[in-house]
1. Restricting to segment 11-64, what's the tally of residues that are assigned to a loop (DSSP other than H, G, I, E, B), of a type in the set (S, T, N, Q) and either under 13 Å from the mean Cα position of the chain (by Cα) or under 15 Å from Gly80 (Cβ atoms) (or both)?
2. Say whether the condition of being exposed (fewer than 12 other Cβ atoms within 10 Å of the Cβ) and not hydrophobic (A, V, I, L, M, F, W, C) is met by at least one residue in segment 36-49.
3. I'm checking my understanding of the structure. Among residues of segment 1-59 that are out of contact with any helix residue (DSSP H, G or I) (no Cβ under 8 Å at 6 or more places or on another chain) and among the aromatic types (Phe, Trp, Tyr), which one is nearest to Phe75 (Cα to Cα)?
Amino acid sequence: MKQQNYEIKKQLDATGLTCPEPVMLLHKTMREVAVGECVEVLATDPSTQRDIPKFCQFLNHELLWESKVDAQYIFHLRKGK
């Protein structure tokens, strides 16, 4: 795993959920954290590889890191303004 220079403030476990649920829950989670705070998303739906980067781009959040470990996708995001 990549060396992090940020702290995860909240984790969203969306494993087992399918589109559009992971992104809907992520939208709710991002409203719960302060600007600049980081969120980790765990998901198993392959569509999150496309949907989460687009979510970040559309809402001006920063996608810090993404990875796939076995059947799980992991994303680290920083809340934008």
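1. Total meeting the criteria: 4.
2. No, the conditions are met nowhere in segment 36-49.
3. The residue in question is Tyr6.
Laboratory data are not the source of any read-out in this text; all were calculated from the coordinates shown. These figures come from a predicted structure and were not determined experimentally. As a convention, Cβ positions derive from the backbone with ideal geometry for all residues, glycine included, and neighbour counts pool all protein chains shown.
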